[in-house]
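*Asks:* Below is the structure I would like to discuss, written out as structure tokens.
The values are calculated or read from the model by the stated rules, or taken from the named source; none is laboratory data. What you see is a predicted model; the values in this text were computed from it and never measured. Here the Cβ positions follow ideal geometry from the backbone for every residue, glycine too, while neighbour counts run over all protein chains shown.
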Amino acid sequence: MLKHVETMLNLGTFASYKVSRIRVLMVGAVCVLAALMGCDSGYSSGLSDVSSKDHPLQVKRGWPTIGSSSPPFTLKNMDGKPVSLSDFSGKVILLNFWATWCGPCRVEMPAMEALYREMRTQGLEIVAVSVDAQGTEVTKPFQEAMGLTFPILHDPEYEVGLAYGARTLPISYVIDRKGIIQHRVFGARDWNGQEAKKMIQALLDPPAALDYDGLL
């Protein structure tokens, strides 16, 4: 009888071990899946992860670098009409890669809209490139629900996203009036915060003119 009980206890311990091991494997699988989906869960009110000329980040060769010209592209908007990045030439562009299924992307959208409404008359343009495979089927209801007024383009094949090195979402590029990439921002940010506004304003303001009279 004692041997039978001991055997049962051993089997119970083994079963518990198997259950624990399965749970660990399941958690690991979920983590891997989340990584493959590429959604950056981080959010910051600041811009600590900004990459700029002073703080370059190592990226895969072939991806656009800080200080280089922004790669040209043409994608369809909500109305199915082709829109090119060059259509916004002469403006400061906040190029954002996102998806409706990306939680952090949804979080930062209201701040982007607030920034757009405040600075668009100064020359700011926000171009939000959706990588949703379903296109307007999911982006149109999202746009209406959020009250977004900035242009939304569609990259269902993820070709432009990959060209810009968008391995995680959201990822944003700040492009100056000459089409040069000045900043790269990983993850969701408070685009309506003072730090973000200061960064954008610096690109919107024309450079101070030199006083040549004092040099002669």
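*Asks:* Out of all the residues in the range 79-99, which are over 18 Å from V174 (Cα atoms) and surrounded by fewer than 17 Cβ atoms within 10 Å (Cβ to Cβ)?
*Replies:* D79, G80, K81, P82
*Asks:* Hey, another quick one. Quick check on this structure: which one of F150, F142 is in the same structural domain as W101 (by TED's automatic domain parsing), without any contact (Cβ under 8 Å) to a residue 40 or more places away in the chain and within 15 Å of C105 (Cβ to Cβ)? Spell out the reasoning first.
*Replies:* Values: F142 fails: without any contact (Cβ under 8 Å) to a residue 40 or more places away in the chain.
It is F150.
*Asks:* If you don't mind, another one. Residues of the range 169-216 being of a type in the set (D, E) and modelled with pLDDT of 95 or more, which ones?
*Replies:* D176, D190, E195
*Asks:* Identify, from the list E137, E144, E108, the residue that is under 27 Å from M199 (Cα atoms) and at pLDDT 95 or above.
*Replies:* Going through E137, E144, E108 in turn, just one is under 27 Å from M199 (Cα atoms) and at pLDDT 95 or above: E108.
*Asks:* Has the range 65-74 got any residue that is part of a helix (DSSP H, G or I), in contact with a Lys or Arg (Cβ under 7 Å, 6 or more places away or on another chain), in the same structural domain as A163 (by TED's automatic domain parsing) and within 16 Å of F186 (Cα to Cα)?
*Replies:* As a first pass, look at the range 65-74 and keep what is part of a helix (DSSP H, G or I): none.
There is no residue in the range 65-74 that is part of a helix (DSSP H, G or I), in contact with a Lys or Arg (Cβ under 7 Å, 6 or more places away or on another chain), in the same structural domain as A163 (by TED's automatic domain parsing) and within 16 Å of F186 (Cα to Cα).
*Asks:* Look at the range 86-101 and say how many of its residues are within 17 Å of the chain's Cα centre (by Cα) and either under 13 Å from V129 (Cα atoms) or part of a helix (DSSP H, G or I) (or both).
*Replies:* Number of matching residues: 8.
*Asks:* Does A145 satisfy the criteria of being of a type in the set (G, A, S) and assigned to a helix (DSSP H, G or I)?
*Replies:* yes
*Asks:* State which residue is farthest from K91 (Cα to Cα) when the search covers only the range 127-141 and only residues that are crowded, with 21+ Cβ neighbours inside 10 Å and hydroxyl-bearing (S, T, Y).
*Replies:* For the range 127-141, the residue satisfying everything is T139.
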